Amino acid sequence: MIIVTGGAGFIGSNIVKGLNDRGIEDIIIVDNLRHSEKHLNLNSLKFKDILLTEDFLNKLDSIDNISAISHQGACSDTMETDGAFMMKNNYEFSKQLYNFCSRKNIKFIYASSASVYGNGDKGFKEERSNEYPLNIYAYSKYLFDQYVRDNAKSSKNQIVGLRYFNVYGPQENHKGKMASVFFHFCNQAKETGVIKVFEGSKNFLRDFVFVDDIVKINLHFLDNNISGIFNCGTGQCKSFYDAAIAIKEQFADKEIRIEEIPFPEKLKGKYQAYTKADLEDLRKIGKYDKEMTDIHKGASQYLKILTKDQGYYK
């Protein structure tokens with residue numbers, strides 16, 4: 001049995017699809033489904049059961065033959081200001097799962113975040129000296145990483161933290177404003193013919209990584225008994241303007257314009273201007289797949305699903 005928390009969410013549902021593609025259906029999904037449209041992420045997936053997040057911990061001891069927990073569930077809204085909620089949801093809940101897996105010797109693979117590096121002034125190597133979170137979401141991820149570092153040496157089970165960089169791809173519709181720029185740029189191009197980017201977007205550089213690559217990395221760790229905290233990106237950085245161009249290129253039969261809009265005041269000082277995954281440690285663990293998907297290929301694959309099936313697997 002594999003448990004996927006956040007299994008109705010963006011990355012979680014893609015991981016379930018990746019497991020299904022291997023013929024694995026002995027899966028329990030854990031999610032709160034407060035965004036009711038997330039059920040659309042589940043329509044094409046095969047799994048044994050779904051548990052509401054608030055009931056999950058009380059039922060955990062009664063679940064038999066758990067081989068792994070893929071912990072993808074979290075509040076990922078970087079604009080959330082309720083620190084108590086973020087710490088309970090992202091930090092305390094993760095600690096309880098970590099300790100359960102340690103007691104039961106169960107594989108524990110969890111989603112961390114590149115946001116722990118803050119503005120990236122000191123680089124993106126998986127080291128404490130490089131980490132300085134800029135918002136409470138990033139802090140909740142950072143704090144759990146420290147908890148793992150402090151306790152992992154006394155644990156016998158596999159423990160893996162994956163620091164996702166800027167992930168995009170199918171099944172992120174429910175994220176709304178927190179969905180990737182690729183999602184928003186695609187919809188803007190289709191609906192208005194105008195892709196809107198913030199002023200200075202040519203200088204905002206991000207490591208954009210296609211969700212298929214994230215799934216392959218997760219499955220690699222399920223297959224191999226390797227522990228640690230690892231960056232998950234492409235090792236390349238592109239600007240938001242580059243992303244807009246990659247989307248514009250997909251509309252060969254339509255005139256698409258890129259327009260700059262003012263940078264929001266509320267994001268100033270809380271917005272990463274540059275991310276680029278240092279993949280040295282990830283590459284040391286062995287070949288997990290072919291080279292990562294570049295943004296032009298990723299944009300093409302994503303747009304096909306957005307256009308044909310509104311961004312969902314069917």
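Structure notes:
- The phi-based Karplus calculation (6.51 cos²θ - 1.76 cosθ + 1.60; θ = phi - 60°) puts the 3J(HN,Hα) values of the stretch 58-70 at 5, 9, 4, 5, 8, 8, 8, 6, 7, 9, 7, 10, 9 Hz, whole numbers, x for Gly and Pro.
- In range of the label at K88: residues from the stretch 21-61 whose backbone nitrogen is under 12 Å from the point 7 Å along Cα→Cβ: 54
- Here the chain carries DSSP beta bridges of which approximately 5% are antiparallel, counting only pairs with both residues inside.
- Rounded to the nearest whole Hz, the Karplus-based 3J(HN,Hα) values (6.51 cos²θ - 1.76 cosθ + 1.60, θ = phi - 60°) of the stretch 192-206 follow the sequence 10, x, 10, 9, 9, 10, 5, 4, x, 5, 5, 9, 8, 10, 10, with x at glycine and proline.
- The slack in the chain from K297 to K266, taken as 0.36 nm per residue of separation less the alpha-carbon distance, amounts to 7.9 nm.
- Cα-centred dipole magnitude for the chain, charges only on beta-carbon of K, R (+1) and D, E (-1), debye, nearest 20: 300
- Given K254/K276; K122/K268; K196/K266; K122/K202; K38/K314, the pairs whose alpha carbons are separated by over 23 Å: K254/K276
- Carbon and sulfur %, accessible surface of the stretch 173-226 computed with the full protein complex present, 1.4 Å: 47
- Between the C-alpha center of the stretch 110-160 and that of the stretch 254-269 there is a gap of 30 Å.
- Close amide H contacts of Y274 (hydrogens built in the peptide plane, cut-off under 5 Å, sequence separation of 5 or more or a different chain): L205.
- FRET efficiency estimate (nearest 0.05) - Cβ-Cβ, K122 to R283, R0 25 angstrom: 0.75
- With θ taken as phi - 60° and the Karplus curve 6.51 cos²θ - 1.76 cosθ + 1.60 applied, the whole-hertz 3J(HN,Hα) list for the stretch 162-167 is 10, 8, 6, 8, 8, 8 Hz, x standing for glycine and proline.
- Förster-model FRET efficiency, 41 Å R0, K156 and K177, C-beta, rounded to 0.05: 0.50
- When you filter the GluC sites (Glu not before Pro) in the stretch 26-129 for DSSP loop state and at most 13 other Cβ atoms inside 10 Å of their Cβ, you are left with E127.
- When +1 charges are put on Lys and Arg Cβ atoms and -1 charges on Asp and Glu Cβ atoms, the dipole computed for the stretch 97-161 relative to its Cα centre reaches about 400 debye.
- Sorted largest first, the principal axis extents computed over the alpha-carbon atoms of the chain equal 57, 43, 40 Å.
- Model label points for K202 and Q96, set 7 angstrom from Cα along the Cα-to-Cβ axis, are 5.1 nm apart.
- Candidate aspartates and glutamates - alpha carbon under 14 Å from K104, same-chain residues fewer than 8 apart omitted: D61, D64
- From helices alone, the chain scores -10000 deg cm²/dmol at 222 nm; the rule is -39500 (n - 2.57) for each run of n ≥ 4 DSSP H residues, then divide by the residue total.
- Packing here is the average count of other Cβ atoms within 10 Å per residue, and on that basis the peptides 255-263, 6-14, highest first, run 6-14, 255-263.
- Once backbone amide H atoms are built at 1.01 Å from N, Q236 has A277 as its partners under 5 Å, excluding neighbours fewer than 5 places away on the same chain.
- Contour excess over end-to-end distance, with Cα ends at N130 and K304 and 0.36 nm allotted per residue: 58.8 nm
- Computed on the Cα atoms alone, the convex hull of the stretch 107-247 gives a volume of 121 cubic angstrom per residue.
- Distances between placed amide hydrogens fall under 5 Å for N231 paired with R163, L282, all partners being 5 or more residues away or on another chain.
- Peptide packing: for 110-121, 299-310, the average count of neighbouring Cβ atoms within 10 Å per residue gives the ranking 110-121, 299-310, highest mean first.
- Check: the stretch 147-261 dipole with +1 on Lys, Arg Cβ and -1 on Asp, Glu Cβ, in debye: 420
- Angle between the chain longest axis and helix 10-21 axis [Cα atoms, degrees, rounded to 10]: 70
- Overall, the ratio between the Cα radius of gyration of the stretch 197-287 and 2.2 N^0.38 Å, rounded to two decimals, is 1.39.
- Considering every alpha-carbon pair of the stretch 1-87, the percent of pairs per 5 Å bin, from zero through the bin containing the longest distance, is 3, 14, 26, 24, 17, 10, 4, 2, 0.
The values are calculated or read from the model by the stated rules, or taken from the named source; none is laboratory data. The structure presented is a predicted model; accordingly, all values stated were derived computationally and were not measured. Quick reminder, even Gly has a Cβ in these numbers, built from the backbone with ideal geometry, and neighbours come from all protein chains shown. Surface areas here come from the heavy atoms of the whole protein model, side chains and all, with no ligands, DNA or RNA. Shrake-Rupley method; radii C 1.70, N 1.55, O 1.52, S 1.80 Å.
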